[in-house]
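J.: Just dropping this structure here.
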Amino acid sequence: MTLLVRPKKLVFCNNQWRIWKTTLAFHCATEFASRGYKTVLVDLDPQCNLTLQCLGGDYFEPNLLSGSVGDIGTVLAKRLEWVGDVDLTVPFVRLAQENLFLVPGSLTLSRYESMLSDSSFNDAASGNRRGYLDTSAIDRYLNFRGIEDGVDIFVIDSSPSLGALNRVLLLGADFFVVPMMADAFSVQGVENLGLQLERWKRNWLMTARALARDPKSGIDNSEVLQGECLFLGYIVNNFRDSCKMMKSEVHFEHCSEPYWGTVNEGRRNGRGVRILQESLNVYSGKTIQRQDEWRQKIPLKVKEFLSEKHCKNGLVNTSWPTPLGNIQDSGQLTAISMELCKAVQFLTPQDDPKLNLVGTRELAEKARVEFESLGDNLLGLVLRY
Ligand SMILES: Nc1ncnc2c1ncn2[C@@H]1O[C@H](COP(=O)(O)OP(=O)(O)OP(=O)(O)O)[C@@H](O)[C@H]1O
Ligand SMILES: [Mg+2]
């Protein structure tokens, strides 16, 4: 195992919803952890889907909502009221898999985002220290705990927006990777993200970062977001019918009627009861022609809006021609994975007898190969850059 010199922060993002940002962040993190890297998942989407995926509804509701478990809201609480700074003592939550930890999400992130857009960015742009402390709050927590706890990689999940929260997390990150699908929205998302991030970086460099360089500013470098995140590449998801995926039929044990909605929505409404049936896996195996057309457009869009704007050295030429990974539709494995809070590639027949079924077994084997290769590609880049 090659060692990392310092904790690296890797964000999964795209300006497009429901393209498996959260699912991919979780699965890639489990892959890193399985290779011995101390990996911390960070849920920075106020929807908290990553937290649900990691801990499940049974744990989530009683523990997190009671305040008995520290989450990102606990970290930010004093900063939010301007009565103190970030709480650097909040520990990571240890997950079942070895080397894998979580900073749970919180709805408080929405309030933090309002604060950032109401005042923090303007304060920082005019050299006011409060603006630096606000904008770097999460980054400082991760940097401090990362070194203190010997973390190798932070894997950060983000919301699909281009709001102030994603602005701070991308300005603080070392790397970002972009999940997408072969459709018009994902391709548009790439353009939006590339352009907006370019504006954020330029603006930050010319205002807050420039002002902080003046020794008379009194601003410590650790309080200033670096604004230099690099684009590592993109991951293409191959499911055939996003509408079916978004509104799949999920039947919960205690419900008399089948529940229509996503597994996570179901968890919230169904309070973590066991999923009995999920009819996601309904694809014919044929690629829809329109998707092939969009698939062909992806590399050049990525090149223009991400590689040429957000890469350096060798990455400019390697990050766009092919994706870092092509991920299949995992069908019912996804539901099992969410129910057990375990990554698809590590599911075994002991976890669920469905893994003995011929089609499902092949699906699991394919997922193992795909995530292993995606893990290799991502780790290779994180280690090199
Ligand atoms: N490989 C897969 N095969 C089948 N279903 C999947 C797969 N990956 C994700 N899903 C399902 O697709 C849905 C959306 O995934 P996910 O929550 O990861 O997307 P997202 O981009 O994070 O969404 P959001 O924009 O809401 O944050 C989830 O219900 C998840 O269970
Ligand atoms: Mg998500």
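The values are calculated or read from the model by the stated rules, or taken from the named source; none is laboratory data. Computed from a predicted model, the values in this text were never measured in an experiment. Glycine also receives a Cβ, built like all others from the backbone with ideal geometry; neighbour counts cover every protein chain displayed.
J.: Does Leu169 satisfy the criteria of being surrounded by 21 or more Cβ atoms within 10 Å (Cβ to Cβ), part of a helix (DSSP H, G or I) and within 16 Å of ligand 1 (Cβ to nearest atom)?
T.: On the way: surrounded by 21 or more Cβ atoms within 10 Å (Cβ to Cβ): yes; part of a helix (DSSP H, G or I): yes; within 16 Å of ligand 1 (Cβ to nearest atom): yes.
Criteria met by Leu169.
J.: Taking Leu52 and the conditions (1) modelled with pLDDT of 95 or more; (2) crowded, with 24+ Cβ neighbours inside 10 Å, which numbered condition does it fall short on, given that it satisfies the others?
T.: Answer for Leu52: the failing condition is (1).
J.: Something else: Just the residues that are exposed (fewer than 14 other Cβ atoms within 10 Å of the Cβ) and either touching a helix residue (DSSP H, G or I) at 6+ places or on another chain (Cβ under 9 Å) or at pLDDT 95 or above (or both), please, taken from segment 298-321. Lay out the reasoning, then the answer.
T.: Here is the first cut: in segment 298-321, the residues exposed (fewer than 14 other Cβ atoms within 10 Å of the Cβ) are 300, 312-314, 317, 321.
Within segment 298-321, Leu300, Gly314, Asn317, Pro321 meet the criteria.
J.: If you don't mind, there's one more thing I want to ask. Sort through Tyr37, Tyr59 and tell me the only one that's aromatic (Phe, Trp, Tyr), farther than 30 Å from Glu191 by Cβ and assigned to a loop (DSSP other than H, G, I, E, B).
T.: Working: Tyr59 fails: assigned to a loop (DSSP other than H, G, I, E, B).
Testing whether each residue is aromatic (Phe, Trp, Tyr), farther than 30 Å from Glu191 by Cβ and assigned to a loop (DSSP other than H, G, I, E, B) leaves just Tyr37.
J.: Would you point out which residue out of Thr318, Thr334, Thr322 is more than 15 Å from Asp183 (Cα to Cα), of a type in the set (Ser, Thr, Tyr) and within 16 Å of ligand 2 (Cβ to nearest atom)?
T.: Numbers: Thr318 fails: within 16 Å of ligand 2 (Cβ to nearest atom); Thr322 fails: within 16 Å of ligand 2 (Cβ to nearest atom).
One residue alone meets the criteria, Thr334.
J.: Consider segment 133-166. How many of its residues are closer than 21 Å to Cys48 by Cβ, assigned to a helix (DSSP H, G or I) and not aliphatic (A, V, I, L, M)?
T.: Residues in segment 133-166 being closer than 21 Å to Cys48 by Cβ, assigned to a helix (DSSP H, G or I) and not aliphatic (A, V, I, L, M): 4 in total.
J.: If you check Leu171 against the conditions, is it more than 16 Å from ligand 2 (Cβ to nearest atom) and within 30 Å of Met1 (Cα to Cα)?
T.: On the way: more than 16 Å from ligand 2 (Cβ to nearest atom): yes; within 30 Å of Met1 (Cα to Cα): yes.
The answer is yes for Leu171.
J.: Report, by residue number, each residue of segment 353-378 that is β-branched (Val, Ile, Thr) and closer than 30 Å to Phe231 by Cα. Step through it out loud before you land on a result.
T.: Residues of segment 353-378 that are β-branched (Val, Ile, Thr), as a first pass: 358, 360, 369.
If the condition is that a residue be β-branched (Val, Ile, Thr) and closer than 30 Å to Phe231 by Cα, then Val369 is the only one that fits.
J.: Give just the number: which of (1) farther than 18 Å from Cys28 by Cβ; (2) in contact (Cβ under 8 Å) with a residue 40 or more places away in the chain; (3) more than 19 Å from the chain's Cα centre (by Cα) does His310 not satisfy?
T.: In the conditions (1) farther than 18 Å from Cys28 by Cβ; (2) in contact (Cβ under 8 Å) with a residue 40 or more places away in the chain; (3) more than 19 Å from the chain's Cα centre (by Cα), His310 misses (3) alone.
J.: Looking at segment 7-51, which of its residues are within 12 Å of the chain's Cα centre (by Cα), basic (Lys, Arg) and more than 10 Å from ligand 1 (Cβ to nearest atom)?
T.: Residue satisfying the conditions is Lys9 alone.
J.: Okay, next question. Looking only at segment 62-106, how many residues end up being under 20 Å from the mean Cα position of the chain (by Cα) and without any contact (Cβ under 8 Å) to a residue 12 or more places away in the chain?
T.: 1
J.: A follow-up question, please. Would you say Ile147 is of a type in the set (Val, Ile, Thr), at negative phi and either surrounded by fewer than 19 Cβ atoms within 10 Å (Cβ to Cβ) or in contact with a Cys (Cβ under 8 Å, 6 or more places away or on another chain) (or both)?
T.: Values: of a type in the set (Val, Ile, Thr): yes; at negative phi: yes; either surrounded by fewer than 19 Cβ atoms within 10 Å (Cβ to Cβ) or in contact with a Cys (Cβ under 8 Å, 6 or more places away or on another chain) (or both): yes.
So Ile147 passes the test.
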